[in-house]
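Working notes, beginning with the structure itself.
The values are calculated or read from the model by the stated rules, or taken from the named source; none is laboratory data. Just so it is clear, the model here is predicted, and its values are computed rather than measured. Glycine gets a Cβ as well: all are built from the backbone with ideal geometry, and neighbour counts include every protein chain shown. Each accessible area value is taken on the protein alone, full model and side chains, heavy atoms only, with ligands, DNA and RNA left out. Shrake-Rupley method; radii C 1.70, N 1.55, O 1.52, S 1.80 Å.
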Amino acid sequence: MRPIVGVDMLYIAEFDEVDGTFSTPVHVPKLMNVKKNPKAETEKLYADNGTAESYTKTSENDIEIEVTEMTYDLRAIFNGHKHLHGALIKNTSDQGNYLAVGYRAKKSNGKYRYYWLQKVKFEPIPEEAETEGDKIKFQTLKIKGSAIGDEAGDYEVTMDEDGEESIPAIIENWFASVVTPDDIINYTETPEG
């Protein structure tokens, strides 16, 4: 495994809770940073003056995405706002859908690691504006959310393009549709012919 040196190609897709499918992924340009932080709880059972058992459970995965800016169309997808006639209309009852979040991270050998988080709910997007001073300070958008597991508890699919058992056909189409755990589990090679 090689260390990560870059990140790009952010995509999101809306999750339809009625039929359990994802929309076609949409590109979110100008990705700067992705941070993931799994929330885990560990419980220890003590017996005979020592640890007899330990159990850790991951409940959700916090994610923070930083982009330079975002269109109103994309903001509407992230947070359930309305985008009409060039204006973004925010309401106190707006709720964005669960989104799948996909991106790729460049490794030090020039190859990529690909990711799809399956169900992420995002907080309202905070904005910051600061007056111009002697030095230029760019204001960017940091979007926070939480990824939860699907019905089986799976919350992320990750694949290295140079992994020994990676599936080139899936890597080549990574952003065409959301790659789910079932896509990996049920994958069968089609014979050339």
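Please note which strands (runs of 3 or more DSSP E) are completely contained in region 47-97 and include at least 2 residues that are within 17 Å of A147 (Cβ to Cβ), out of contact with any helix residue (DSSP H, G or I) (no Cβ under 9 Å at 6 or more places or on another chain) and open to solvent by less than 40 Å² (accessible area, probe 1.4 Å). Write out each step before concluding.
On the way: elements: 50-67, 82-84, 87-89.
Correct list: 50-67.
K106 passes every criterion in (1) open to solvent by 80 Å² or more (accessible area, probe 1.4 Å); (2) outside any strand (DSSP E or B); (3) not aliphatic (A, V, I, L, M) apart from (2). Selection over region 125-148 of residues that are more than 19 Å from L31 (Cβ to Cβ) and out of contact with any Asp or Glu (no Cβ under 8 Å at 6 or more places or on another chain) gives a count of 8. In the set I143, I171, only one residue is assigned to a helix (DSSP H, G or I) and crowded, with 16+ Cβ neighbours inside 10 Å; that residue is I171.
Could you identify the single residue in V178, V157 that is open to solvent by less than 80 Å² (accessible area, probe 1.4 Å) and in a loop (DSSP other than H, G, I, E, B)?
Values: V157 fails: in a loop (DSSP other than H, G, I, E, B).
After applying the criteria, what remains is V178.
Restricting to region 5-37, what's the tally of residues that are at pLDDT below 95 and either hydrophobic (A, V, I, L, M, F, W, C) or loosely packed, with under 13 Cβ neighbours inside 10 Å (or both)? Adding up the residues that qualify gives 6.
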